[in-house]
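This report refers to the structure that appears directly beneath it.
The values are calculated or read from the model by the stated rules, or taken from the named source; none is laboratory data. Everything numeric in this text was worked out from a predicted model, so none of it was measured. Glycine also receives a Cβ, built like all others from the backbone with ideal geometry; neighbour counts cover every protein chain displayed. When the accessible area is computed, the model is the full protein with side chains, heavy atoms only, and any ligands, DNA or RNA have been set aside. Shrake-Rupley method; radii C 1.70, N 1.55, O 1.52, S 1.80 Å.
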Amino acid sequence: MPTRRKVLAWGAAAAAAPALAGCGEKVGAARTTTATRRRPGQKVTLTFWTWVPLQKAVALWNKQNPDVRVDVQTVPANTSGGYQKMHSSLTAGDPPDLAQVEYYALPEFMLVNGLTNLSEYGADELKGAYVDWQWQQGVFAGKTYAIPQASGPMGLFYRQDLFDKWDVEVPATWDEYRAAAVKIKKRGSLITAFPPANAQWFAALPWQRGARWVTTEGDTWVVDLTSPESLEVADFWDGMISDGLVSPIQDSQSAFFKGLQTGGLATWPGAQWYDALIRGNAPRTEGRWRVAELPQWERGAHASSNWGGSATAILQGSRHPVEALEFAHWLNTDPAAIDLLIAAGYGWPAARIELAGSALGKPDPFFGGQRYNEVFQLSDRNVDTSWRFAPTTTQSYAHVQDAFGRVLAGHGTLADALKDAEGKFVDDLKAKGLEARSAR
């Protein structure tokens with residue numbers, strides 16, 4: 001049997017997601033998944049840990065499937081405590097049947113044998129119902145370990161009313177975005193925020209430029225935060241910060257939402273699921289927002305990237321994997337469930353859908369009647385799907401955030417921060433017993 005180190009390194013090239021199936025060494029799960037035989041008429045209750053507001057969709061399932069009830073339990077979001085709670089439950093041997101796990105975190109759960117091999121329960125037969133690149137996020141060593149739920153194709157949210165008032169053209173390139181920022185600043189506002197503690201948001205920008213922060217060569221993980229593409233993006237935002245063209249505040253917090261409400265922030269380069277956050281936190285701006293493609297580095301291009309995205313995972317130790325898989329597939333493909341999830345702002349569906357026939361395809365009054373999801377549909381089609389995540393992404397992105405915080409406090413540049421974080425990223429991988437090096 002191959003060692004865990006070798007298995008962890010397999011398959012991280014562009015053609016496949018990293019193959020992280022644990023093998024024969026210390027794992028984080030105290031018990032393994034075993035299907036319990038149900039007696040005729042026996043009812044089952046599945047526990048589902050999530051921070052996404054899925055209650056209405058789950059209520060529909062429970063109404064239609066009284067013998068397999070799903071109990072939704074809200075946990076803190078991802079690194080705010082949700083993942084720690086999940087890992088603790090694996091170690092203690094009392095995990096929930098299902099859990100919300102973001103794509104970037106799946107390799108971390110695989111590293112500790114925390115996910116159920118769903119191929120053993122027929123999951124591979126469901127692949128055709130899903131967008132391929134999202135399905136591949138849960139595939140390791142050719143086996144399926146999670147059912148994809150949604151992603152976050154990127155676009156540019158902008159205030160059409162302010163652009164009209166200030167005679168600002170919607171920027172098609174990043175050079176035009178900077179020019180718009182200069183013009184907007186003269187009007188007493190700023191074009192956007194630069195959040196110091198959101199490495200996932202920033203990573204989407206080099207991703208769009210064609211950077212690859214993680215690849216593999218044989219058994220070795222190769223970390224490259226300082227490629228020419230990444231440094232070009234860093235230099236752009238360094239200039240925006242040093243010239244006072246952006247606000248150095250964290251997104252999704254009160255000061256940020258105040259900026260959206262008052263026009264203090266005129267745009268936000270964000271993921272599709274941010275529509276619900278803008279709608280919910282700036283309701284008085286209804287009708288004033290529009291969506292455009294991300295500004296491009298090369299005029300006429302349509303390069304995009306992704307921020308966020310989650311899977312419905314069946315944790316290692318479930319006693320009802322068959323029923324859990326049935327529910328996970330229904331949740332993420334049933335048209336009525338998808339419409340309920342869309343209304344809750346869960347993101348861009350992983351299921352193959354016809355945009356015009358779903359809630360996503362309707363003109364939206366909040367966005368001035370624009371069918372704005374047509375922009376995100378184009379974005380989704382142009383996501384570079386060769387981007388990969390390491391099994392240390394959570395802690396490694398924390399290094400990026402720490403370094404960015406120092407930059408915004410007046411110490412160094414974003415390019416310096418990426419160089420510093422790259423070494424720590426490599427150290428994180430080595431600390432897991434993996435072969436790793438910097439690309440340059």
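In straight-distance terms, cross-link reach from residue 143 covers every one of the aspartates and glutamates whose alpha-carbon lies under 13 Å from its own, apart from those fewer than eight places away in the same chain; here that gives 120, 124, 125.
Can you tell me what share of the DSSP beta bridges in the chain is antiparallel? A percent to the nearest 5 is fine. Around 65 percent antiparallel, to the nearest 5.
The distance linking segment 346-390 with segment 237-295 is 19 Å (Cα centroid to Cα centroid, whole angstrom).
Residue separation of residue 79 and residue 63 scaled by 0.36 nm, minus their Cα-Cα distance, works out to 2.5 nm of gained length.
Bridging of residue 424 to lysines at a Cα separation below 19 Å is possible for 432, once same-chain residues fewer than 8 apart are set aside. Per residue, the solvent-accessible area of segment 58-135 (1.4 Å probe, heavy atoms of protein chains only, all protein chains present) comes to 39 Å². When each full DSSP H helix of the chain is screened for a Cα extent of at least 20 Å along its own axis and an average Kyte-Doolittle hydropathy of at least -0.5, the helices passing are 228-242, 393-408, 414-431. Excluding residues on the same chain fewer than 8 positions from residue 85, give the aspartates and glutamates whose Cα lies under 16 Å from its Cα. In chain and number order, the partners are 94, 97, 102, 108. For segment 26-140, the dipole from Cβ point charges (+1 on Lys and Arg, -1 on Asp and Glu) about the Cα centre works out to 480 debye, to the nearest 20. Summary of packing: across the peptides 321-332, 149-160, the per-residue average of other C-beta atoms within 10 Å ranks them, highest first, as 149-160, 321-332. Between amide H atoms placed 1.01 Å from N, distances below 5 Å from residue 191 occur with 266, all of them 5 or more places distant or on a separate chain. Amide H contacts under 5 Å for residue 370: 364, restricted to partners 5 or more places along the chain or on a different chain, H placed in the peptide plane at 1.01 Å from N.
Segment residue 43..residue 437, full-extension length gain: 136.7 nm, with 0.36 nm per residue of separation and the alpha-carbon distance subtracted.
Under the criterion of Cα pairs below 8 Å and six or more residues apart, the relative contact order for the chain equals 26 percent. A Förster radius of 56 Å combined with the Cβ-Cβ distance from residue 286 to residue 217 puts the calculated FRET efficiency at roughly 0.65. Ignoring ligands, DNA and RNA, what percent of the 1.4 Å accessible area of the chain is carbon and sulfur? Using a 1.4 Å probe with all protein chains present, the chain comes out at 48 percent carbon and sulfur.
Summarising the amide proton neighbourhood of residue 44: residues at separation of 5 or more, or on other chains, whose placed amide H is nearer than 5 Å comprise 68, 69. Spin-label model, residue 427 to residue 55: label points 7 Å out along the Cα-to-beta-carbon direction sit 4.4 nm apart.
Shown in residue order for segment 44-52 are the 3J(HN,Hα) couplings computed by the Karplus curve 6.51 cos²θ - 1.76 cosθ + 1.60 at θ = phi - 60°: 10, 10, 9, 9, 10, 9, 7, 10, 7 Hz (x for Gly and Pro). Charges were assigned to the Cβ only: +1 to each Lys and Arg, -1 to each Asp and Glu. The resulting dipole of the chain about its Cα centre is roughly 880 debye.
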